[in-house]
Amino acid sequence: MIQNISLEGGSGKLNSLLTDKIDDVKEIFKNPVDEKTVKDEINDVNNKIKKDDGTYFEFSVHKPTNTIVVKIVDSRTNEVIDEIPPEKILDLVAGLWKIAGLFIDRKI
């Protein structure tokens, strides 16, 4: 779950807008709903953000850790601006879990 996002630099208006939109998305994930409703809400938020500053959120699940990953993407270039949490860190965590599992699951 997204707990805290720091938005350094940029205009105050943009930071405020992104913070508001992130709060909207966090509210969506607080209540248990079906997948279609979540996707519809995320698309609505993304459409508002695209109109305001040309970026959008892309959500995915990192399967090995079952963690939601949020990418902020520039809609003009499709370049990933930021990724929260970084996929490389999640891959590292998954690898450590696998190693720890080998030690725990192995009979001596």
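A few remarks follow.
- Pairs are defined by a Cβ separation below 6 Å, a sequence spacing of at least 6 or placement on different chains, a first member in the stretch 42-70 that is closer than 14 Å to VAL80 by Cα and at pLDDT 80 or above, and a second member that is of a type in the set (D, E, K, R) and not in a loop (DSSP other than H, G, I, E, B); the pairs so defined are THR55/ASP74; TYR56/LYS50; GLU58/LYS71.
- Taken together, SER16, SER6 contain a single residue that is at pLDDT below 75, among the small types (Gly, Ala, Ser) and assigned to a helix (DSSP H, G or I), which is SER16.
- Positions within the stretch 68-86 being out of contact with any Phe, Trp or Tyr (no Cβ under 9 Å at 6 or more places or on another chain), surrounded by fewer than 15 Cβ atoms within 10 Å (Cβ to Cβ) and of a type in the set (D, E, K, R), in sequence order: ARG76, GLU79, ASP82
The values are calculated or read from the model by the stated rules, or taken from the named source; none is laboratory data. Everything numeric in this text was worked out from a predicted model, so none of it was measured. As a convention, Cβ positions derive from the backbone with ideal geometry for all residues, glycine included, and neighbour counts pool all protein chains shown.
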